[in-house]
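The values are calculated or read from the model by the stated rules, or taken from the named source; none is laboratory data. All figures in this text were calculated on a predicted structure; none of them were measured in a lab. Reconstructed Cβ throughout: ideal geometry from the backbone, glycine too, with neighbour counts over all protein chains shown.
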Amino acid sequence: MIVIHTKYVILSFILIHKDYDFFDFSVPKFGTLPLFNGCSVLSFTVEFEPGATTLESEGKGYVVASLGEDSGYVPYTAFSAKQSYIDENPEVIQGFTNALQKGMDYVQAHTPEEIAEIIEPQFPETDLETITTIVTRYYDQDTWKSNLIFEESSFDLLQDILESAGELEERVPYEALVTTEFAAIAAK
């Protein structure tokens, strides 16, 4: 079995919609940062942070595009619970959602420098300058939504991406999997 990472599924979707064939590129379909470091065969790599910024700061590569910017709002992180848990514990779900929204509100109301400073302790292996560079990049490309509401258009985009990768046999109705009631309350 071959496992292809989500970032390559999204890259494939973007390239196909720009009329490129994903498999024309010399990039393996797994984490490539160790291979890319000093490798003369690979044309590019797709990296999470801080890997991308590290390549750039070491003079070994350049960040030339953002998958998030080119793909649209892909719901990359989602939280799920059984319906029975939601029904029995709405206050837990609401409290969790409110806490996440509080973080979203903070990001919307503060500068990249302020955000980087506050999150620095969570990334002890990364210096403040690198964190600030990363946060500034995300901030400038509007990575963070202002709320946690999982829009139907993002759900459809996710299904389009999964279909194009051959990973989705059957589309699912938005209403069957998504509830926005807790996010809507938190966003008020």
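Take the conditions within 25 Å of GLY72 (Cβ to Cβ) and out of contact with any Lys or Arg (no Cβ under 9 Å at 6 or more places or on another chain) and apply them to GLU114. Does it pass? So GLU114 does not fit the description; no. Among the numbered criteria (1) touching a residue at least 24 places away in the same chain (Cβ under 8 Å); (2) not in a helix (DSSP H, G or I), which one does PHE155 miss? Here PHE155 meets the rest and fails (2). For the stretch 126-135, the criterion of being more than 20 Å from the chain's Cα centre (by Cα), assigned to a loop (DSSP other than H, G, I, E, B) and more than 20 Å from TYR76 (Cα to Cα) is satisfied by at least one residue. The number of residues in the stretch 69-91 being touching a Phe, Trp or Tyr at 6+ places or on another chain (Cβ under 8 Å) and closer than 25 Å to GLN122 by Cβ comes to 3. Counting the residues of the stretch 147-172 that are farther than 25 Å from VAL9 by Cβ and surrounded by fewer than 13 Cβ atoms within 10 Å (Cβ to Cβ) gives 0.
Looking at ALA78, is it touching a residue at least 24 places away in the same chain (Cβ under 8 Å) and exposed (fewer than 15 other Cβ atoms within 10 Å of the Cβ)? Judged against the criteria, ALA78 is a match.
For the stretch 49-71, filtering for residues that are part of a helix (DSSP H, G or I), among the aliphatic types (A, V, I, L, M) and more than 16 Å from the chain's Cα centre (by Cα) leaves 1. A residue that is modelled with pLDDT under 65, of a type outside the set (Ser, Thr, Tyr), assigned to a loop (DSSP other than H, G, I, E, B) and more than 20 Å from ALA165 (Cα to Cα) occurs nowhere in the stretch 79-95.
Cβ separations smaller than 8 Å between residues 6+ apart or across chains give the following pairs from the stretch 118-146 residues that are closer than 21 Å to LEU55 by Cβ to residues that are assigned to a loop (DSSP other than H, G, I, E, B) and hydrophobic (A, V, I, L, M, F, W, C): ILE131/PHE123; ARG137/VAL63; TYR138/TRP144. For the stretch 121-143, the set of residues classified as surrounded by 15 or more Cβ atoms within 10 Å (Cβ to Cβ) and not hydroxyl-bearing (Ser, Thr, Tyr) consists of PHE123, ILE131, ILE134, VAL135, ARG137, listed by residue number. The set of residues in the stretch 158-179 being under 19 Å from the mean Cα position of the chain (by Cα) and at pLDDT 95 or above is empty.
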